[in-house]
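Peer 1: Here's a structure for you.
The values are calculated or read from the model by the stated rules, or taken from the named source; none is laboratory data. Keep in mind it's a predicted model, so treat the numbers as computed, not measured. Please note: Cβ atoms are built from the backbone with ideal geometry, for glycine as well, and neighbour counts cover all protein chains shown. These accessible areas exclude ligands, DNA and RNA; they are computed on the full protein's heavy atoms, side chains included. Shrake-Rupley method; radii C 1.70, N 1.55, O 1.52, S 1.80 Å.
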Amino acid sequence: MRARARLGTAAVFPDPAAYGSRLFGPTAGAGGGDALDRTRIVPPVFMPERLEKLIDLAREPEFDDVDLTTRVGGFTARLPLYLSAFGSTRAGSGDLAVHASRQAARLGIPMVIGENVVPVHGYRRTGTGGGDATRSALLARVEAYLEAAPDGVGGIVVQQSTEDADSEVWNLLYSDPAFRPLLETGRLAFELKTGQGAKPGLGGMTVVGRAEAEQLARRFTVREVFGPDAPNSLRCATPGTFTEEILRQQLRFMRNNFPKARTWVKFHPGRDIGHAARTAWAAGADAVTVDGAEGGTGWAPGVFLDQVGLPLAEALRRVGTPTGCLLATGGVWEGGRAVRALALGAGAVGLGRAALVAVDEDPEHGLERLADALALELRLLISALGKYTPAALAPDDLWSPPPYPDPYAGGEGGPYAGGEGGPYAGGEGGPYADPYAGHAPHPDPAQDPADPEIRAQAPAPQTLTQAEPGAADGPGRPE
(Lines give C-alpha, C1' and ligand atoms only; values in the text may rest on other atoms or scores of the structure.)
Protein backbone atom coordinates (compact mmCIF):
# COMPACT_ATOMS: atom_id res chain seq x y z
CA MET A 1 0.00 0.00 0.00
CA ARG A 2 2.73 2.44 0.93
CA ALA A 3 4.75 1.62 -2.19
CA ARG A 4 1.73 2.37 -4.34
CA ALA A 5 1.12 5.63 -2.49
CA ARG A 6 4.70 6.66 -3.38
CA LEU A 7 5.11 5.17 -6.85
CA GLY A 8 1.59 4.96 -8.30
CA THR A 9 1.31 2.87 -11.48
CA ALA A 10 5.02 1.98 -11.40
CA ALA A 11 4.29 -0.25 -8.37
CA VAL A 12 2.06 -2.48 -10.53
CA PHE A 13 5.16 -3.91 -12.23
CA PRO A 14 8.52 -5.28 -11.03
CA ASP A 15 11.44 -2.89 -10.80
CA PRO A 16 12.27 -1.94 -14.43
CA ALA A 17 15.97 -1.96 -13.55
CA ALA A 18 15.74 -5.76 -13.45
CA TYR A 19 14.40 -6.01 -17.00
CA GLY A 20 16.73 -8.04 -19.22
CA SER A 21 18.72 -9.47 -16.34
CA ARG A 22 16.07 -11.33 -14.39
CA LEU A 23 13.26 -13.76 -15.19
CA PHE A 24 9.94 -13.40 -13.41
CA GLY A 25 7.31 -15.83 -12.16
CA PRO A 26 4.54 -16.01 -9.56
CA THR A 27 5.30 -14.37 -6.24
CA ALA A 28 6.11 -16.84 -3.49
CA GLY A 29 3.00 -17.43 -1.42
CA ALA A 30 0.67 -16.01 -4.07
CA GLY A 31 -2.84 -17.37 -3.74
CA GLY A 32 -2.82 -17.28 0.06
CA GLY A 33 -5.03 -15.08 2.17
CA ASP A 34 -8.79 -15.42 2.42
CA ALA A 35 -11.21 -17.17 0.08
CA LEU A 36 -11.55 -14.12 -2.16
CA ASP A 37 -7.79 -13.83 -2.60
CA ARG A 38 -7.47 -17.55 -3.36
CA THR A 39 -9.99 -17.26 -6.19
CA ARG A 40 -8.24 -16.90 -9.55
CA ILE A 41 -9.26 -14.66 -12.44
CA VAL A 42 -9.60 -16.83 -15.57
CA PRO A 43 -9.74 -15.26 -19.05
CA PRO A 44 -11.46 -17.35 -21.74
CA VAL A 45 -9.91 -18.32 -25.06
CA PHE A 46 -12.88 -17.18 -27.13
CA MET A 47 -13.90 -13.54 -26.55
CA PRO A 48 -17.03 -12.44 -28.41
CA GLU A 49 -17.20 -9.14 -26.51
CA ARG A 50 -13.69 -8.30 -27.68
CA LEU A 51 -14.85 -8.91 -31.22
CA GLU A 52 -17.75 -6.51 -30.66
CA LYS A 53 -15.31 -3.90 -29.37
CA LEU A 54 -13.02 -4.47 -32.35
CA ILE A 55 -15.89 -3.85 -34.76
CA ASP A 56 -16.96 -0.76 -32.81
CA LEU A 57 -13.44 0.72 -32.80
CA ALA A 58 -12.39 -0.54 -36.24
CA ARG A 59 -9.12 -1.70 -34.64
CA GLU A 60 -7.83 -4.19 -32.09
CA PRO A 61 -8.99 -3.17 -28.58
CA GLU A 62 -6.41 -2.30 -25.91
CA PHE A 63 -6.62 -2.15 -22.16
CA ASP A 64 -6.94 1.65 -22.28
CA ASP A 65 -10.31 1.09 -23.99
CA VAL A 66 -11.83 -0.17 -20.74
CA ASP A 67 -14.30 2.44 -19.47
CA LEU A 68 -14.24 2.48 -15.66
CA THR A 69 -16.99 5.09 -15.28
CA THR A 70 -19.56 3.60 -12.91
CA ARG A 71 -22.89 4.42 -11.27
CA VAL A 72 -22.39 4.13 -7.53
CA GLY A 73 -25.54 4.37 -5.43
CA GLY A 74 -27.11 6.97 -7.70
CA PHE A 75 -23.86 8.91 -8.28
CA THR A 76 -21.57 8.94 -11.28
CA ALA A 77 -18.00 7.92 -10.41
CA ARG A 78 -14.93 7.97 -12.63
CA LEU A 79 -13.81 4.67 -11.09
CA PRO A 80 -15.71 1.75 -9.51
CA LEU A 81 -14.42 2.95 -6.14
CA TYR A 82 -15.60 4.95 -3.16
CA LEU A 83 -13.93 6.23 -0.01
CA SER A 84 -15.20 4.09 2.87
CA ALA A 85 -16.59 5.54 6.08
CA PHE A 86 -14.20 7.08 8.60
CA GLY A 87 -16.06 7.70 11.83
CA SER A 88 -15.21 9.42 15.09
CA THR A 89 -11.98 7.53 15.83
CA ARG A 90 -8.79 9.57 16.13
CA ALA A 91 -7.32 8.04 12.96
CA GLY A 92 -10.50 8.66 10.97
CA SER A 93 -11.45 12.19 12.00
CA GLY A 94 -8.21 14.16 11.95
CA ASP A 95 -6.09 15.71 9.22
CA LEU A 96 -5.60 12.40 7.41
CA ALA A 97 -9.33 12.18 6.77
CA VAL A 98 -9.36 15.72 5.36
CA HIS A 99 -6.50 14.88 2.98
CA ALA A 100 -8.31 11.70 1.91
CA SER A 101 -11.50 13.68 1.29
CA ARG A 102 -9.74 16.16 -0.96
CA GLN A 103 -8.05 13.44 -3.00
CA ALA A 104 -11.26 11.40 -3.31
CA ALA A 105 -12.90 14.50 -4.77
CA ARG A 106 -10.14 14.96 -7.33
CA LEU A 107 -10.49 11.29 -8.28
CA GLY A 108 -14.21 11.80 -8.89
CA ILE A 109 -15.33 9.05 -6.49
CA PRO A 110 -17.97 9.23 -3.70
CA MET A 111 -16.91 9.74 -0.08
CA VAL A 112 -18.67 8.28 2.97
CA ILE A 113 -18.47 10.07 6.34
CA GLY A 114 -18.89 7.63 9.19
CA GLU A 115 -21.03 7.53 12.30
CA ASN A 116 -20.82 9.49 15.56
CA VAL A 117 -18.73 12.37 14.18
CA VAL A 118 -21.29 14.99 15.23
CA PRO A 119 -22.15 13.54 18.68
CA VAL A 120 -18.42 13.32 19.50
CA HIS A 121 -16.91 16.36 17.76
CA GLY A 122 -19.91 18.61 17.28
CA TYR A 123 -21.45 20.03 14.12
CA ARG A 124 -19.69 23.39 14.34
CA ARG A 125 -16.92 24.60 16.61
CA THR A 126 -16.83 28.26 17.50
CA GLY A 127 -13.70 30.25 18.11
CA THR A 128 -13.03 33.11 20.50
CA GLY A 129 -15.80 35.69 20.39
CA GLY A 130 -18.16 33.34 18.60
CA GLY A 131 -16.24 33.36 15.31
CA ASP A 132 -16.11 30.22 13.20
CA ALA A 133 -12.39 29.84 13.77
CA THR A 134 -12.29 26.05 14.02
CA ARG A 135 -14.22 23.82 11.65
CA SER A 136 -15.81 20.64 12.95
CA ALA A 137 -14.41 17.31 11.79
CA LEU A 138 -17.44 16.70 9.57
CA LEU A 139 -17.57 20.13 7.94
CA ALA A 140 -13.80 20.16 7.42
CA ARG A 141 -14.11 17.00 5.32
CA VAL A 142 -17.13 18.28 3.42
CA GLU A 143 -15.45 21.60 2.59
CA ALA A 144 -12.25 19.86 1.46
CA TYR A 145 -14.27 17.60 -0.83
CA LEU A 146 -16.38 20.39 -2.32
CA GLU A 147 -13.34 22.57 -3.00
CA ALA A 148 -11.75 19.87 -5.18
CA ALA A 149 -14.75 18.03 -6.66
CA PRO A 150 -15.24 18.25 -10.46
CA ASP A 151 -18.72 18.96 -11.77
CA GLY A 152 -21.03 16.02 -12.32
CA VAL A 153 -19.10 13.24 -10.59
CA GLY A 154 -18.69 11.94 -7.08
CA GLY A 155 -20.87 12.69 -4.09
CA ILE A 156 -20.95 12.78 -0.28
CA VAL A 157 -22.61 10.11 1.86
CA VAL A 158 -23.23 10.69 5.58
CA GLN A 159 -23.92 7.80 7.91
CA GLN A 160 -26.29 7.94 10.85
CA SER A 161 -26.41 5.62 13.83
CA THR A 162 -28.51 5.68 16.99
CA GLU A 163 -26.52 8.47 18.66
CA ASP A 164 -26.42 10.42 15.38
CA ALA A 165 -30.21 10.20 15.21
CA ASP A 166 -30.43 11.66 18.72
CA SER A 167 -28.30 14.57 17.45
CA GLU A 168 -30.51 14.90 14.34
CA VAL A 169 -27.49 14.77 12.05
CA TRP A 170 -29.40 14.27 8.81
CA ASN A 171 -31.78 17.14 9.66
CA LEU A 172 -28.81 19.43 10.30
CA LEU A 173 -27.20 18.60 6.97
CA TYR A 174 -30.38 18.66 4.90
CA SER A 175 -31.28 22.16 6.13
CA ASP A 176 -27.73 23.59 6.01
CA PRO A 177 -27.23 26.01 3.07
CA ALA A 178 -23.68 24.64 2.69
CA PHE A 179 -25.17 21.37 1.41
CA ARG A 180 -27.51 23.02 -1.10
CA PRO A 181 -25.13 22.52 -4.07
CA LEU A 182 -24.98 18.81 -3.32
CA LEU A 183 -28.77 18.54 -3.11
CA GLU A 184 -29.31 20.53 -6.30
CA THR A 185 -26.91 18.30 -8.24
CA GLY A 186 -28.12 15.03 -6.69
CA ARG A 187 -24.80 14.32 -5.00
CA LEU A 188 -25.83 13.88 -1.37
CA ALA A 189 -26.79 10.55 0.21
CA PHE A 190 -27.65 9.41 3.70
CA GLU A 191 -26.55 5.94 4.81
CA LEU A 192 -28.32 4.00 7.54
CA LYS A 193 -25.63 2.08 9.37
CA THR A 194 -26.72 -1.21 10.91
CA GLY A 195 -23.23 -2.61 11.54
CA GLN A 196 -19.68 -2.98 10.28
CA GLY A 197 -17.38 -5.81 9.28
CA ALA A 198 -14.76 -5.35 11.97
CA LYS A 199 -17.22 -5.83 14.84
CA PRO A 200 -20.55 -7.26 13.67
CA GLY A 201 -23.34 -6.79 16.17
CA LEU A 202 -21.54 -4.05 18.12
CA GLY A 203 -21.62 -0.28 17.89
CA GLY A 204 -18.68 2.03 17.38
CA MET A 205 -15.85 2.13 19.93
CA THR A 206 -13.13 4.66 20.63
CA VAL A 207 -10.53 5.30 23.33
CA VAL A 208 -10.98 8.60 25.17
CA GLY A 209 -9.19 10.41 27.96
CA ARG A 210 -10.70 11.09 31.36
CA ALA A 211 -11.91 14.59 30.57
CA GLU A 212 -13.48 13.55 27.29
CA ALA A 213 -15.09 10.54 28.94
CA GLU A 214 -16.89 12.77 31.43
CA GLN A 215 -18.28 14.96 28.65
CA LEU A 216 -19.29 12.06 26.40
CA ALA A 217 -20.91 10.03 29.19
CA ARG A 218 -24.15 11.98 28.65
CA ARG A 219 -24.54 10.49 25.16
CA PHE A 220 -22.51 7.27 25.19
CA THR A 221 -21.71 4.35 27.44
CA VAL A 222 -18.22 4.79 28.92
CA ARG A 223 -16.42 1.87 30.57
CA GLU A 224 -13.15 1.67 32.48
CA VAL A 225 -12.02 -1.54 30.79
CA PHE A 226 -8.33 -0.54 30.90
CA GLY A 227 -8.27 -0.44 34.68
CA PRO A 228 -9.53 1.98 37.35
CA ASP A 229 -6.29 3.98 37.35
CA ALA A 230 -5.75 4.01 33.58
CA PRO A 231 -5.75 7.43 31.88
CA ASN A 232 -8.12 6.21 29.16
CA SER A 233 -11.64 4.80 28.99
CA LEU A 234 -13.64 2.95 26.35
CA ARG A 235 -16.47 4.91 24.70
CA CYS A 236 -19.17 2.62 23.27
CA ALA A 237 -22.01 3.43 20.90
CA THR A 238 -25.11 1.27 20.61
CA PRO A 239 -25.57 -0.85 17.47
CA GLY A 240 -29.29 -0.20 17.07
CA THR A 241 -32.04 -2.80 16.79
CA PHE A 242 -33.34 -3.99 13.43
CA THR A 243 -35.96 -6.35 12.11
CA GLU A 244 -37.33 -6.58 8.58
CA GLU A 245 -40.15 -4.21 9.41
CA ILE A 246 -37.93 -1.74 11.28
CA LEU A 247 -35.54 -1.63 8.31
CA ARG A 248 -38.39 -1.04 5.85
CA GLN A 249 -39.82 1.72 8.01
CA GLN A 250 -36.43 3.40 8.43
CA LEU A 251 -35.83 3.44 4.69
CA ARG A 252 -39.35 4.71 4.06
CA PHE A 253 -38.72 7.49 6.59
CA MET A 254 -35.47 8.45 4.85
CA ARG A 255 -37.08 8.61 1.42
CA ASN A 256 -40.05 10.62 2.64
CA ASN A 257 -38.20 13.12 4.84
CA PHE A 258 -35.14 13.63 2.63
CA PRO A 259 -36.44 13.20 -0.93
CA LYS A 260 -33.48 14.95 -2.58
CA ALA A 261 -30.90 12.71 -0.89
CA ARG A 262 -29.99 9.22 -2.07
CA THR A 263 -30.75 6.37 0.35
CA TRP A 264 -27.97 3.95 1.31
CA VAL A 265 -27.80 1.23 3.94
CA LYS A 266 -24.75 -0.55 5.35
CA PHE A 267 -24.81 -4.07 6.77
CA HIS A 268 -22.30 -6.06 8.73
CA PRO A 269 -21.47 -9.52 7.29
CA GLY A 270 -24.27 -11.35 9.08
CA ARG A 271 -25.41 -14.86 8.26
CA ASP A 272 -28.68 -13.50 6.79
CA ILE A 273 -26.97 -10.84 4.67
CA GLY A 274 -28.68 -12.00 1.48
CA HIS A 275 -32.15 -11.60 2.97
CA ALA A 276 -31.21 -8.23 4.50
CA ALA A 277 -29.90 -6.89 1.18
CA ARG A 278 -33.01 -7.98 -0.72
CA THR A 279 -35.22 -6.40 1.95
CA ALA A 280 -33.36 -3.08 1.60
CA TRP A 281 -33.58 -3.03 -2.19
CA ALA A 282 -37.27 -3.86 -2.09
CA ALA A 283 -37.75 -0.91 0.28
CA GLY A 284 -36.12 1.44 -2.22
CA ALA A 285 -32.48 1.66 -1.11
CA ASP A 286 -30.25 3.21 -3.79
CA ALA A 287 -27.27 1.22 -2.52
CA VAL A 288 -26.54 -1.62 -0.12
CA THR A 289 -23.04 -1.74 1.35
CA VAL A 290 -21.70 -5.11 2.51
CA ASP A 291 -18.72 -4.80 4.82
CA GLY A 292 -16.76 -8.07 4.95
CA ALA A 293 -15.12 -9.38 8.11
CA GLU A 294 -11.76 -8.32 6.63
CA GLY A 295 -12.77 -4.67 6.96
CA GLY A 296 -10.55 -2.38 9.00
CA THR A 297 -11.43 -0.20 11.97
CA GLY A 298 -9.93 2.36 14.30
CA TRP A 299 -10.73 0.21 17.36
CA ALA A 300 -12.32 -3.17 18.11
CA PRO A 301 -11.92 -6.17 20.43
CA GLY A 302 -9.37 -8.65 19.08
CA VAL A 303 -11.79 -11.57 19.30
CA PHE A 304 -14.12 -9.78 16.85
CA LEU A 305 -11.33 -8.96 14.41
CA ASP A 306 -10.25 -12.60 14.30
CA GLN A 307 -13.38 -14.68 14.82
CA VAL A 308 -16.64 -12.89 14.05
CA GLY A 309 -18.51 -12.27 10.79
CA LEU A 310 -18.59 -13.72 7.29
CA PRO A 311 -15.61 -13.22 5.00
CA LEU A 312 -16.41 -10.91 2.09
CA ALA A 313 -16.44 -13.76 -0.45
CA GLU A 314 -19.07 -15.69 1.48
CA ALA A 315 -21.13 -12.56 2.14
CA LEU A 316 -21.22 -11.82 -1.60
CA ARG A 317 -22.12 -15.45 -2.36
CA ARG A 318 -25.07 -15.28 0.02
CA VAL A 319 -26.32 -12.07 -1.57
CA GLY A 320 -26.19 -13.74 -4.99
CA THR A 321 -27.31 -11.80 -8.04
CA PRO A 322 -28.09 -8.30 -6.76
CA THR A 323 -31.38 -6.61 -7.60
CA GLY A 324 -29.95 -3.15 -6.92
CA CYS A 325 -26.61 -1.43 -6.43
CA LEU A 326 -24.33 -3.57 -4.27
CA LEU A 327 -21.18 -2.06 -2.77
CA ALA A 328 -18.46 -4.15 -1.13
CA THR A 329 -15.60 -3.34 1.17
CA GLY A 330 -13.13 -5.33 3.23
CA GLY A 331 -9.39 -5.62 2.59
CA VAL A 332 -9.45 -4.00 -0.88
CA TRP A 333 -6.27 -2.22 -1.94
CA GLU A 334 -5.27 -3.69 -5.32
CA GLY A 335 -6.96 -4.53 -8.61
CA GLY A 336 -7.17 -8.31 -8.29
CA ARG A 337 -9.33 -8.30 -5.16
CA ALA A 338 -11.43 -5.49 -6.63
CA VAL A 339 -12.09 -7.44 -9.86
CA ARG A 340 -13.11 -10.52 -7.87
CA ALA A 341 -15.61 -8.53 -5.80
CA LEU A 342 -16.98 -6.86 -8.94
CA ALA A 343 -17.34 -10.24 -10.67
CA LEU A 344 -19.30 -11.54 -7.66
CA GLY A 345 -21.89 -8.79 -8.04
CA ALA A 346 -20.50 -5.62 -6.49
CA GLY A 347 -20.95 -2.41 -8.48
CA ALA A 348 -18.03 -0.71 -6.72
CA VAL A 349 -15.55 -1.40 -3.92
CA GLY A 350 -14.55 0.74 -0.97
CA LEU A 351 -11.11 1.89 0.12
CA GLY A 352 -10.90 2.37 3.88
CA ARG A 353 -7.75 1.27 5.69
CA ALA A 354 -5.79 1.42 2.41
CA ALA A 355 -6.86 5.03 1.85
CA LEU A 356 -5.72 6.14 5.31
CA VAL A 357 -2.38 4.36 4.90
CA ALA A 358 -1.91 6.00 1.50
CA VAL A 359 -2.51 9.54 2.76
CA ASP A 360 -0.35 8.80 5.78
CA GLU A 361 2.46 7.97 3.33
CA ASP A 362 1.80 11.06 1.20
CA PRO A 363 -0.86 13.52 2.43
CA GLU A 364 -1.01 15.36 -0.88
CA HIS A 365 -1.21 12.60 -3.50
CA GLY A 366 -0.93 9.18 -1.80
CA LEU A 367 -4.55 8.14 -2.30
CA GLU A 368 -4.54 9.36 -5.89
CA ARG A 369 -1.45 7.28 -6.70
CA LEU A 370 -2.94 4.23 -4.98
CA ALA A 371 -6.13 4.64 -7.02
CA ASP A 372 -4.15 5.17 -10.24
CA ALA A 373 -2.35 1.87 -9.68
CA LEU A 374 -5.60 0.09 -8.88
CA ALA A 375 -7.28 1.60 -11.97
CA LEU A 376 -4.46 0.39 -14.22
CA GLU A 377 -4.79 -3.14 -12.83
CA LEU A 378 -8.56 -2.99 -13.35
CA ARG A 379 -8.11 -2.05 -17.00
CA LEU A 380 -5.50 -4.75 -17.55
CA LEU A 381 -7.57 -7.47 -15.88
CA ILE A 382 -10.95 -6.54 -17.34
CA SER A 383 -9.54 -6.29 -20.86
CA ALA A 384 -7.75 -9.63 -20.39
CA LEU A 385 -11.19 -11.14 -19.78
CA GLY A 386 -12.32 -9.76 -23.13
CA LYS A 387 -14.59 -7.18 -21.48
CA TYR A 388 -14.53 -3.40 -21.39
CA THR A 389 -16.68 -2.23 -18.47
CA PRO A 390 -16.75 -3.34 -14.81
CA ALA A 391 -20.46 -4.12 -15.14
CA ALA A 392 -19.66 -6.82 -17.73
CA LEU A 393 -17.79 -8.93 -15.16
CA ALA A 394 -19.52 -12.12 -14.00
CA PRO A 395 -18.89 -15.15 -11.74
CA ASP A 396 -17.79 -17.13 -14.81
CA ASP A 397 -14.66 -14.96 -14.86
CA LEU A 398 -13.47 -16.61 -11.63
CA TRP A 399 -12.29 -20.04 -10.55
CA SER A 400 -12.04 -21.20 -6.97
CA PRO A 401 -9.74 -24.08 -5.98
CA PRO A 402 -11.49 -27.13 -4.54
CA PRO A 403 -11.10 -27.94 -0.86
CA TYR A 404 -7.83 -29.48 0.19
CA PRO A 405 -7.80 -33.31 -0.10
CA ASP A 406 -8.55 -35.28 3.03
CA PRO A 407 -5.15 -35.95 4.68
CA TYR A 408 -6.50 -39.30 5.95
CA ALA A 409 -7.90 -40.46 2.62
CA GLY A 410 -6.88 -44.00 1.69
CA GLY A 411 -7.66 -46.26 -1.23
CA GLU A 412 -11.18 -46.88 -2.41
CA GLY A 413 -13.08 -48.75 0.26
CA GLY A 414 -10.33 -48.40 2.87
CA PRO A 415 -11.03 -47.39 6.47
CA TYR A 416 -10.04 -43.78 5.69
CA ALA A 417 -11.43 -43.70 2.17
CA GLY A 418 -12.33 -40.28 0.86
CA GLY A 419 -14.14 -41.62 -2.18
CA GLU A 420 -17.83 -42.08 -2.70
CA GLY A 421 -19.36 -43.94 0.22
CA GLY A 422 -16.29 -43.71 2.46
CA PRO A 423 -16.58 -42.38 6.01
CA TYR A 424 -14.64 -39.26 4.98
CA ALA A 425 -16.45 -38.75 1.70
CA GLY A 426 -16.45 -35.19 0.41
CA GLY A 427 -19.13 -35.85 -2.16
CA GLU A 428 -22.84 -35.23 -1.95
CA GLY A 429 -24.21 -36.48 1.33
CA GLY A 430 -20.82 -37.27 2.89
CA PRO A 431 -19.96 -35.96 6.35
CA TYR A 432 -17.40 -33.61 4.76
CA ALA A 433 -19.61 -32.56 1.87
CA ASP A 434 -18.67 -29.27 0.24
CA PRO A 435 -21.18 -26.72 1.64
CA TYR A 436 -20.69 -24.63 -1.50
CA ALA A 437 -21.43 -27.46 -3.96
CA GLY A 438 -23.51 -26.24 -6.88
CA HIS A 439 -22.28 -22.67 -6.55
CA ALA A 440 -19.61 -21.48 -8.94
CA PRO A 441 -17.33 -19.91 -8.01
CA HIS A 442 -17.14 -20.80 -4.34
CA PRO A 443 -14.73 -19.94 -1.54
CA ASP A 444 -12.62 -22.63 0.02
CA PRO A 445 -14.30 -23.72 3.27
CA ALA A 446 -11.17 -25.61 4.32
CA GLN A 447 -9.37 -22.37 5.02
CA ASP A 448 -11.21 -19.74 6.99
CA PRO A 449 -9.60 -16.32 7.51
CA ALA A 450 -10.10 -16.83 11.21
CA ASP A 451 -7.42 -19.55 11.02
CA PRO A 452 -4.20 -18.10 12.56
CA GLU A 453 -2.13 -19.37 9.64
CA ILE A 454 -4.38 -17.58 7.18
CA ARG A 455 -4.56 -14.42 9.27
CA ALA A 456 -0.76 -14.39 9.32
CA GLN A 457 -0.77 -13.92 5.54
CA ALA A 458 -3.10 -10.90 5.71
CA PRO A 459 -1.71 -7.35 5.73
CA ALA A 460 -0.35 -6.45 9.14
CA PRO A 461 -1.98 -3.63 11.12
CA GLN A 462 -0.74 -0.30 9.83
CA THR A 463 0.71 2.42 12.02
CA LEU A 464 -0.19 5.93 10.89
CA THR A 465 2.88 8.12 11.18
CA GLN A 466 1.11 11.37 10.32
CA ALA A 467 -1.65 11.06 12.92
CA GLU A 468 -1.11 13.48 15.79
CA PRO A 469 -2.15 12.18 19.21
CA GLY A 470 -4.95 14.30 20.50
CA ALA A 471 -5.49 16.10 17.19
CA ALA A 472 -9.07 14.96 16.99
CA ASP A 473 -9.76 14.33 20.66
CA GLY A 474 -12.59 15.82 22.55
CA PRO A 475 -16.11 16.80 21.68
CA GLY A 476 -16.77 19.96 19.77
CA ARG A 477 -19.12 22.61 21.04
CA PRO A 478 -22.26 22.55 18.86
CA GLU A 479 -23.82 25.85 17.97
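Peer 1: Loop-only check: which chymotrypsin sites (Phe, Trp or Tyr not before Pro) in the range 27-76 are DSSP coil with at most 14 other Cβ within 10 angstrom? Display every interim value, and only then the final one.
Peer 2: Details: sites: 46, 63, 75; in loops: 46.
Sites meeting the loop and neighbour criteria: 46.
Peer 1: Something else now. Stokes-Einstein at 25 °C, 0.890 mPa s, Kirkwood radius from Cα pairs: D for the range 137-264 in µm² s⁻¹? Mind showing how you got there, number by number?
Peer 2: Numbers: Rh = 16.7 Å.
Translational D for this selection: 147 µm²/s.
Peer 1: For residue 158, list long-range residues whose amide hydrogen, built 1.01 Å from N in the peptide plane, is under 5 Å from its own amide hydrogen.
Peer 2: 113, 189, 190, 191
Peer 1: Another one. Between residue 148 and residue 323, how high is the FRET efficiency from 1/(1 + (r/R0)^6) when r is the Cβ-Cβ distance and R₀ = 35 Å? Nearest 0.05.
Peer 2: Values: r = 34 Å, r/R0 = 0.98.
Approximately 0.55, to the nearest 0.05.
Peer 1: Next question. So how exposed is residue 275, as accessible area in Å² (1.4 Å probe, rounded to 10)?
Peer 2: 90 Å²
Peer 1: I've got another one for you. Once a ≥ b ≥ c are taken as the square roots of the eigenvalues of the Cα gyration tensor of the range 219-328, is the result rounded (a/c under 1.5), prolate (a/b larger than b/c) or oblate (a/b not larger than b/c)?
Peer 2: Working: a/c = 2.77, a/b = 1.54, b/c = 1.79.
Oblate is the answer for the range 219-328, as a/c is 1.5 or above yet b/c matches or exceeds a/b.
Peer 1: Order of 200-209, 237-246 by packing, highest average Cβ count within 10 Å first?
Peer 2: Taking the mean over residues of other Cβ atoms within 10 Å, the ranking is 200-209, 237-246.
Peer 1: While we're on this one: What is the gain in length, in nm to one decimal, between residue 271 and residue 184 on full extension, counting 0.36 nm per residue of separation less the C-alpha to C-alpha distance?
Peer 2: On the way: separation 87, 0.36 × 87 = 31.32 nm, distance 3.85 nm.
Computed gain between residue 271 and residue 184 is 27.5 nm.
Peer 1: Something else now. Could you run the Karplus curve 6.51 cos²θ - 1.76 cosθ + 1.60 with θ = phi - 60° over the range 42-59 and give me ³J(HN,Hα) per residue in whole Hz, x for Gly and Pro?
Peer 2: 10, x, x, 7, 8, 10, x, 5, 5, 4, 4, 5, 4, 5, 5, 8, 6, 6
Peer 1: Between the DSSP loop rule and a limit of at most 15 other Cβ atoms within 10 Å, which GluC sites (Glu not before Pro) in the range 15-78 are left? Write out the running numbers ahead of the final one.
Peer 2: Values: sites: 49, 52, 62; in loops: 62.
Filter output for the range 15-78: 62.
Peer 1: Name the long-range amide H neighbours of residue 221: under 5 Å, sequence gap of 5 or more, or other chain; modelled H, no Pro or chain starts.
Peer 2: Placed amide hydrogens put 236 under 5 Å from residue 221.
Peer 1: When the C-alpha atoms of the range 269-312 are aligned to their principal axes, what extent does each axis show, in angstrom, from largest down?
Peer 2: Its Cα atoms span 35, 20, 14 Å along the three principal axes.
Peer 1: Still on this structure, I have one more. How much length would be gained if the chain were fully extended between residue 394 and residue 71, taking 0.36 nm per residue of separation minus their Cα-Cα distance, in nm to one decimal?
Peer 2: Values: separation 323, 0.36 × 323 = 116.28 nm, distance 1.71 nm.
Separation in residues times 0.36 nm, less the Cα-Cα distance, equals 114.6 nm.
Peer 1: Let's test the formula: R0 of 41 Å, r as the Cβ-Cβ distance of residue 242 and residue 9. What FRET efficiency results, to the nearest 0.05? All intermediate terms of the calculation are to be shown ahead of the outcome.
Peer 2: Values: r = 42 Å, r/R0 = 1.03.
The value I calculate is 0.45.
Peer 1: Could you name the lysines in cross-link range of residue 199, using Cα to Cα under 23 Å and dropping any fewer than eight places away on the same chain?
Peer 2: Correct list for residue 199: 266.
Peer 1: Considering just Cα atoms, how many Å³ per residue does the convex hull of the range 303-367 enclose?
Peer 2: Details: hull volume 6.5 nm³, N = 65.
Hull volume normalised by residue count: 99 Å³.
Peer 1: Here is a further query. Taking the Cβ-Cβ separation of residue 17 and residue 42 as r and a Förster radius of 22 Å, what is the calculated FRET efficiency to the nearest 0.05? Don't skip to the answer; put the middle values down first.
Peer 2: Values: r = 32 Å, r/R0 = 1.44.
The calculated FRET efficiency here is 0.10.
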